1. Can you say whether SER204 is polar (S, T, N, Q), modelled with pLDDT of 85 or more and closer than 25 Å to GLU100 by Cβ, as far as the supplied structure shows?
2. Evaluate the following for SER18: is it out of contact with any strand residue (DSSP E or B) (no Cβ under 7 Å at 6 or more places or on another chain), hydroxyl-bearing (Ser, Thr, Tyr) and modelled with pLDDT under 85?
3. Given the options ILE101, ILE45, ILE26, name the one that is out of contact with any Pro (no Cβ under 7 Å at 6 or more places or on another chain), modelled with pLDDT of 85 or more and surrounded by fewer than 24 Cβ atoms within 10 Å (Cβ to Cβ).
4. Just checking, does the range 254-262 include any residue being of a type in the set (A, V, I, L, M), part of a helix (DSSP H, G or I) and free of Cβ contacts under 8 Å to residues at least 12 places away in the same chain?
5. In the list PHE56, PHE77, PHE70, PHE83, which residue meets the criterion of being more than 18 Å from LEU207 (Cα to Cα), crowded, with 23+ Cβ neighbours inside 10 Å and among the aromatic types (Phe, Trp, Tyr)?
6. Please pick out the residue among SER200, SER206 that is closer than 15 Å to LEU59 by Cα and crowded, with 21+ Cβ neighbours inside 10 Å.
7. In the range 444-472, what residues are without any contact (Cβ under 8 Å) to a residue 60 or more places away in the chain and not hydrophobic (A, V, I, L, M, F, W, C)?
Amino acid sequence: MKTVSPRLTLLTASGVCSLIVLDTNIVAVTLPSIARDLGANFVDIEWVVSAYMLAFAALLLPAGSIADRFGRKKTLFWGLSIFILASIGCGAAPNSLLLEIARAVKGVGAALLLTSALASIGHAFHDEVERAKAWAFWGACMGVAMTAAPTLGGLITESLGWRWIFYLNLPVGLLLMLLVRHAIAESRDPQAARLDPWGSLAFSASLLCLIWGLIEANRIGWDSPMTYARLSAGALLLGLFVWVEAVQRRPMIDLKLFRHPRFIGALLGMFAYAGCAQVMMTLLPFYLQNGLGFSAVASGLGMLPFALAMLICPRIGARLASHVSPASLMAAGLTLVGCGNLLSAWAVDHGGYLSFALTTAVTGAGAGLLNGDTQKNIMACVPRDRVGMASGMSTTMRFSAIVLAIGVFGALLGSHTEQNLQASLRQQARPWLEQSHFIATRVVAGDMPGALSQLPEAARTRIEPLATRAFVSGFGVVLWVAGILALLGALLVGTLMRKPIPQMATARPALQE
């Protein structure tokens, strides 16, 4: 059998992961353009992001089992095929509903890609020192992709149109398929857990109900019985998922891992990082375009302080790792994220780009320290032959956090924008108070012309600054909440991660028969 260079495997697998990260983050600066072109409100725009993230997060656990059982190389080919075809569907979508469906299918392909790529890296590197270097390189590639995504998205949107951010995945995906063929050796876990359709269904349904309840609450109201029903169903289904996994002989995830505080801390670190820092790659461009009036290109460039800090700091984190414990490094990263978000909330309240750029760079620095370190700490808690399961669990936490954060922060942003607008309209433009919900949902989506389209010309100049101020105030609330949650996460993770590494990280436990 042909020997494959581990470095070439690392380069190819990192390229696959970079495509996913690039595609995930490139969409953020185009969302206002999509809203204007398709006549979408904020709920529709949330689903454009969440349909992809939801399918992605819900299928990561079974995708890890598929990669372990049927082979990581084969799974990469299937994932790339689905991803490319769904990208073409996204570009050709005539309305927001079909775009959301295509995005969900794309999330299926992305889940297969990410888990198999991460498992291929974990399998290719046996030595702990070399594996640490490999994860550092992987983290740097993710940082480059995140750094390039906003500016690249803005340039493509303004020069070719937003549809081309999806069409360009075709040549890139075909190139990666060629590289996978020559650079990835087939690997699998001969004792992989069987596929778990009931566990997968319960977990997927739980996430769907939770995000459905959070997003649609902005449309039907938080006091609606349907909102309560969806959120309650999500919680019950999550409990059902845990029960299904607990009663199986070969579960999709090994619940014994959750007996170890360090493993729980590593997962919480990933969750807090993704939900309070990585999600800002999606949310911050909304402020730059809706609050400061930046174009798509300008908002992409405006994200550079955040993105560059995120790119540089993984290298600093790799150097600190030899002098600082993982617990201290994770806690420091989350503390920076929390302080950065709180400072950004202050900058938003005071207006202007310069202070906002400096404060978001603090958030980016914390995210950079965490980006590769979170993955490394989770993978360190499982045996080498279960890397597919570990990558599935870690990336599930990452994207579950993002999709839930989008739902929670989107709900906060939508409700506070509408409340602030209603208060302003009562004082200064009472005749248009009944239009507050429609205006708020369009403004938050980035479609100010659409928001004002039902108003006479004289009223538009009067209400536009009120709507902008309402949005800015709502965005500040989101940043305050994100900052507080990150600081709480730092406290929890710093405490739990100080516990010793589980013994099963170095020796595989006996399997239940």
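1. Numbers: polar (S, T, N, Q): yes; modelled with pLDDT of 85 or more: no; closer than 25 Å to GLU100 by Cβ: yes.
For SER204, the condition - polar (S, T, N, Q), modelled with pLDDT of 85 or more and closer than 25 Å to GLU100 by Cβ - is not met.
2. No; evaluated as a whole, the condition is false for this residue.
3. None of the others qualify; the one that does is ILE101.
4. First pass over the range 254-262, keeping only residues of a type in the set (A, V, I, L, M): 255, 257.
Subset that is part of a helix (DSSP H, G or I): 255, 257.
Within this subset, residues satisfying the condition of being free of Cβ contacts under 8 Å to residues at least 12 places away in the same chain are none.
No, there is no match, as no residue in the range 254-262 is of a type in the set (A, V, I, L, M), part of a helix (DSSP H, G or I) and free of Cβ contacts under 8 Å to residues at least 12 places away in the same chain.
5. Details: PHE56 fails: more than 18 Å from LEU207 (Cα to Cα); PHE77 fails: crowded, with 23+ Cβ neighbours inside 10 Å; PHE70 fails: crowded, with 23+ Cβ neighbours inside 10 Å.
Selected residue: PHE83, the only one of PHE56, PHE77, PHE70, PHE83 that is more than 18 Å from LEU207 (Cα to Cα), crowded, with 23+ Cβ neighbours inside 10 Å and among the aromatic types (Phe, Trp, Tyr).
6. Values: SER200 fails: crowded, with 21+ Cβ neighbours inside 10 Å.
SER206 is the lone residue from the list that is closer than 15 Å to LEU59 by Cα and crowded, with 21+ Cβ neighbours inside 10 Å.
7. Here is the first cut: in the range 444-472, the ones without any contact (Cβ under 8 Å) to a residue 60 or more places away in the chain are 451-467, 469-470.
Scanning the range 444-472 gives SER453, GLN454, PRO456, GLU457, ARG460, THR461, ARG462, GLU464, PRO465, ARG469.
Residue-wise test of (1) in contact with a Leu (Cβ under 6 Å, 6 or more places away or on another chain); (2) of a type in the set (Gly, Ala, Ser); (3) assigned by TED's automatic domain parsing to the domain that holds ALA296; (4) surrounded by fewer than 22 Cβ atoms within 10 Å (Cβ to Cβ).
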| site | (1), (2), (3), (4) |
| --- | --- |
| VAL443 | no, no, no, no |
| ALA482 | no, yes, yes, no |
| LEU487 | no, no, yes, yes |
| ALA490 | yes, yes, yes, no |
| GLY494 | no, yes, yes, yes |
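The values are calculated or read from the model by the stated rules, or taken from the named source; none is laboratory data. Everything numeric here is computed off the predicted structure, so don't read it as measured data. Cβ coordinates were reconstructed from backbone atoms using ideal geometry, including for glycine residues, and neighbour counts include every protein chain displayed.
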